[in-house]
Structures are given as C-alpha cells and as structure tokens.
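Participant: One structure, as structure tokens, below. Some questions next.
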Amino acid sequence: MSDRADGKWNVLVVDDSAFQVKQITKILETQNFKVIGVAADGAEGVARFQELGDEIDLVTLDITMPGMDGISCLKEIMKINPKANVVMMSALGKEDLVKQSLLIGAKGFIVKPLDTDKVSKVLQSVLKK
Ligand SMILES: [Mg+2]
C-alpha cells in the first residue's frame, strides 16, 4: 500500500514496444499500481521522469531501445534522483547488461516474457526495500 490518496503506486513505463507497454500496463493495473507516464525511448524516459518528479514511485525500464537505451537512461535517472526505484526489463541473454544496470543503481530486473506473478513479486519487493 502506498501513501498516495488512492493507495496505489505510481509507475513510469519506458519501453519502445507498444505491445510491451500495453502488457505491462495491463499487469500493473490488476495490481496495486497506476501507470502515470509512458515513454518510448531513453531520452523520452528521462524527460518524463524529470517532469513527473515526486509523483513517480517506480520506473520500469526496457534495456533494448533505439536511440538512448535503458542503460544510458538509467544513468540519467540516477543523476536526477539517486534513490529512484528502477526495475529493468530485459530479454533473455542480456545478463551482462542486467549486472551493469544493478551496479548503476537499478533495484531489480524482470526477464521477459512478463507474467503477472513475476512482475508483482519483483515490484513489491523493490518497494519494500
Ligand atoms: Mg525494447
């Protein structure tokens, strides 16, 4: 349960795939989350993160995106707010990038394909930290 008036956690979803965004949103909204922002690449993700500021409780961040990728986006987000709760979304076989992102400050990661159990387990554990 978040401290927000509606008790939900506010999420920024950054992913270049409209399908993934739809899927993540669907999963989150069956849980205690509300998607308050969406971005299709890293640069847009940084811009949304800056705009939404304290409204954001959590960011889901795709690693592979055209233009600014998830790793560079993560670095910028951590500069803006070193305490940001960022969870990386990656395809199988991106273990090195996942490790790198955890060193930069990501709080967790989810390997695609996504399912409700996986997503809610990881996100809840990140918010409890
Ligand atoms: Mg992608």
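Laboratory data are not the source of any read-out in this text; all were calculated from the coordinates shown. Quantities reported herein were computed from a predicted structural model and do not represent experimental measurements. A quick note on method: Cβ atoms are made from the backbone with ideal geometry, for glycine too, and the neighbour counts reach across all protein chains shown.
Participant: Using a Gaussian network model of the chain with C-alpha springs under 10 Å, which one of Gly93, Gly53, Gly67 is most mobile by mean-square fluctuation?
Facilitator: Of Gly93, Gly53, Gly67, the most mobile in the Gaussian network model is Gly93.
Participant: What is the stretch 25-129's relative contact order, in percent, from Cα pairs under 8 angstrom and six or more apart in sequence?
Facilitator: With pairs under 8 Å counted, the relative contact order is 24 percent.
Participant: When the chain is modelled as a GNM with alpha-carbon springs shorter than 10 Å, which of Asp115, Asp41, Asp96 fluctuates the most?
Facilitator: Maximum among the listed residues: Asp96.
Participant: Rounded, prolate or oblate: which fits the stretch 13-73 when a ≥ b ≥ c are the square roots of the eigenvalues of the alpha-carbon gyration tensor, with rounded for a/c under 1.5 and prolate only if a/b beats b/c?
Facilitator: Oblate is the answer for the stretch 13-73, as a/c is 1.5 or above yet b/c matches or exceeds a/b.
Participant: Under the rule a/c < 1.5 gives rounded, and otherwise a/b versus b/c splits prolate from oblate, where does the chain land using the Cα gyration tensor?
Facilitator: Rounded.
Participant: How far is it, in nm, from the label point at Ser125 to the one at Ala47 when both lie 7 Å from their Cα along the line to the Cβ?
Facilitator: About 3.5 nm separates the two model spin labels.
Participant: Report, in deg cm²/dmol and to the nearest 500, the calculated mean residue ellipticity at 222 nm for the chain, where each DSSP H run with n ≥ 4 adds -39500 (n - 2.57) and the sum is divided by the residue count.
Facilitator: Only helices count here, giving -14000 deg cm²/dmol.
Participant: On to the next question. If you put +1 on each Lys and Arg Cβ and -1 on each Asp and Glu Cβ, how big is the dipole of the chain around its Cα centre, in Debye rounded to 20?
Facilitator: I would put it at about 420 debye.
Participant: Ordered by packing density, taken as the mean number of other Cβ atoms within 10 Å over each peptide's residues, highest first, how do 7-20, 100-113 rank?
Facilitator: Top of the packing list down: 7-20, 100-113.
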